[in-house]
Amino acid sequence: MARVDDTMPPRAAPWPDDHEPTPFQARVVAAVAGLEPGELATYGEVAEEVGRPGAGQAVANVLRAAPGLPWWRVLPGDGRVYRSHAPTQVPRLEAEGHRVDEHRRVHPAAT
């Protein structure tokens, strides 16, 4: 089984090394891999982009399993960082110019 590292979200459950992504998983991986530093998306937006509106939870499941993605750039629809993700995600977001307030709500960097 693949090893969890500091580039994966908390509670990651990586795919086995021999995992072949489904077409949906591959589209999610491509969409999230394409997010540039400073860009943000919601789980729902990624789901829409890959042709599966309403599949935000499925997007989150892919992010917990696919190594090497900028998972910290994908947020819940309310724009708040999950409490369990905050210790890892907030510093990464702040390093990209975003502000995260005391309620864990992300305020995007000015573009």
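Candidates in region 44-54 are the residues that are in contact (Cβ under 8 Å) with a residue 12 or more places away in the chain and assigned to a helix (DSSP H, G or I); of these, the one that is nearest to residue 105 (Cα to Cα) is 44.
Does at least one position in region 72-86 carry a residue that is within 23 Å of residue 24 (Cβ to Cβ) and hydroxyl-bearing (Ser, Thr, Tyr)? Yes, region 72-86 contains a residue that is within 23 Å of residue 24 (Cβ to Cβ) and hydroxyl-bearing (Ser, Thr, Tyr).
Counting only residues that are more than 14 Å from residue 61 (Cα to Cα), surrounded by 13 or more Cβ atoms within 10 Å (Cβ to Cβ) and at pLDDT below 95, region 1-31 holds 3 of them. Note on region 55-81: among residues that are free of Cβ contacts under 8 Å to residues at least 40 places away in the same chain, over 17 Å from residue 22 (Cβ atoms) and open to solvent by 50 Å² or more (accessible area, probe 1.4 Å), the one that is farthest from the chain's Cα centre (by Cα) is 78. Collect the residues in region 32-43 that are open to solvent by 40 Å² or more (accessible area, probe 1.4 Å), closer than 19 Å to residue 110 by Cβ and small (Gly, Ala, Ser), keeping them in residue-number order. Matches in region 32-43: none. Taking residues in region 85-111 that are closer than 14 Å to residue 71 by Cβ, and partners anywhere that are among the aromatic types (Phe, Trp, Tyr) and open to solvent by 30 Å² or more (accessible area, probe 1.4 Å), the pairs with Cβ atoms closer than 8 Å and at least 6 places apart or on different chains are 85/72; 88/72; 89/72; 89/82; 92/72; 93/72. Sort out which residues of region 82-108 are of a type in the set (Val, Ile, Thr) and open to solvent by 20 Å² or more (accessible area, probe 1.4 Å), and write them in order of number. Within region 82-108, 88, 90, 100 meet the criteria. When 97, 77 are checked against the criterion of being at pLDDT 95 or above, part of a loop (DSSP other than H, G, I, E, B) and within 20 Å of residue 36 (Cβ to Cβ), a single residue qualifies: 97. Sub-7 Å Cβ pairs linking a first residue in region 15-36 that is more than 24 Å from residue 97 (Cα to Cα) to a second residue that is β-branched (Val, Ile, Thr) and surrounded by 11 or more Cβ atoms within 10 Å (Cβ to Cβ), at least 6 apart or interchain, are 21/29; 24/50; 25/62; 27/50; 28/46; 28/50; 28/59; 28/62, ordered by first then second residue.
The values are calculated or read from the model by the stated rules, or taken from the named source; none is laboratory data. This is a predicted model, so every value here is computed, not measured. When we count neighbours, we look across all protein chains shown, and the Cβ atoms used for this are built from the backbone with ideal geometry, even at glycine. The protein model used for the area step is the full one, side chains on, heavy atoms only, and it has no ligands, DNA or RNA in it. Shrake-Rupley method; radii C 1.70, N 1.55, O 1.52, S 1.80 Å.
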